[in-house]
1. Roughly how many nanometres apart are two label points built 7 Å out from the Cα toward the Cβ at Asn195 and Ser243?
2. Determine how large the accessible area of Lys119 is when every protein chain is in place; take a 1.4 Å probe and give Å² rounded to the nearest 10.
3. Take the alpha carbon atoms of segment 166-182, find their center, do the same for segment 216-260, and report the distance between the two centers in whole angstrom.
4. Based on Cβ point charges of +1 for Lys and Arg and -1 for Asp and Glu, what charge dipole magnitude is obtained for segment 99-254 about its Cα centre, in debye rounded to the nearest 20?
5. At 222 nm, what helix-only mean residue ellipticity would the chain give, in deg cm²/dmol to the nearest 500, using -39500 (n - 2.57) for each DSSP H run of four or more?
6. Which of these, Asp241, Asp97, Asp223, has the largest mean-square fluctuation under a Gaussian network model of the chain (Cα springs below 10 Å)?
7. Determine the share of segment 91-171's accessible area contributed by carbon and sulfur atoms, expressed in whole percent, with a 1.4 angstrom probe.
8. Please state the relative contact order of the chain as a whole percent: Cα pairs under 8 Å, 6+ residues apart?
Amino acid sequence: MNGAAFTRIRTPAVWAGGLICAVMIMTSRGVAVSSQSAGQLNVCHAGSLQAAFTEVEKAFTAQHPGVVLKDISGGSVALAGRLAAGLQPCDVYATADYQNIDLLLKPLGLADYTVVFAKGRMVLAYLVTDPKAQGIAAAGDFKPPTSIPNAAPGWYKVLLAAGVRISSSHPFLDPGGYRSHMIARLAEAHYNVPNLSNLLLEHLTVYAGAGSGAAEAPTLGRDYNFQFTYEHSAAARAKADPSYRYVALPDRMDLSTTANNSYYSQASVTIPGIGPPGTMAPVLIRATRVAWGLTILKDSPNPENAIAFMSLVLGAAGSAAFNAHGPAPITPALVSPSDYTRVPTAVRSLVTAGPVLP
């Protein structure tokens, strides 16, 4: 890539707090990070951003051929935990749930603003060849992105059938994982079926997946039958696999609409705090519409490179990448009025101060 070094790293999916020993140095704020040169950039991002961020990273390395860029992907909460423990050098942090910055990084002094830059919704994925998936979809053509069938009126009954497995990432490590729990709770409220949430969760199976040391990643149709996932991720998979399908859930539970946020907020998940023992209580995360967040770490070792990268994410290059691969860009990106003055001056023209959800 024009002589620039580019490294992709997938973080372990098993971090859940605690101390891991490593060789570190201390920054001026006392946060432990690995030593690195000024000609680097560490981009830590949710796995759901991989396709789009790969395009933005190519644009960055073309413009900055002397910078060694490291792409670190993983569960957003797991990444935040590694930052808190000083185990992961990071300049730019992009999460699948903007609240991870507000609730996890800001209280520890690791970040002081949140930029909301993309949005999406949750869908239910399956294989059309799976006998256990029969009856999950209402009538309609599957021609993404223009035509997506709705879930059948009794879709949740299909998921409750004997032997059905629903894949999920760990809710303590990844927003996709805790959003699966939220969908189950919202389904119970929407359909007014007693104990529906727990009944659905009985079918939920947490898979560590690729990068966790497993010999082979679990496979839809073989190891599990359904998965709640982001629509743009499902669309990419459907494009590559003609047997892959997904259905649209009712908007009262697909986390797609800001107008439903007061309804969504009745569902919540409490995860362990990520700070040192005794410094951070468990964190309650309420359901909101799906929105991705971005920040530059306060002790970024490479702030100029980080600002240049953020400018690309929020500018034309980012919009093109998100329009091509998802999630849908928010243009201009949004910040709260209190955060706006903390956003780097060089990127303020790319954001708007106001309500953080479109």
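The values are calculated or read from the model by the stated rules, or taken from the named source; none is laboratory data. Note that the structure is a prediction, hence the values are computed from the model and not measured. Glycine gets a Cβ as well: all are built from the backbone with ideal geometry, and neighbour counts include every protein chain shown. Quick note on the areas: whole protein, heavy atoms, side chains included, nothing else; ligands and nucleic acids left out. Shrake-Rupley method; radii C 1.70, N 1.55, O 1.52, S 1.80 Å.
1. According to this spin-label approximation, the distance is 3.5 nm.
2. That residue has around 70 Å² of solvent-accessible surface.
3. 13 Å
4. 220 debye
5. -7000 deg cm²/dmol
6. For the chain, modelled as a Gaussian network with Cα springs under 10 Å, the answer is Asp241.
7. 54 percent
8. 25 percent
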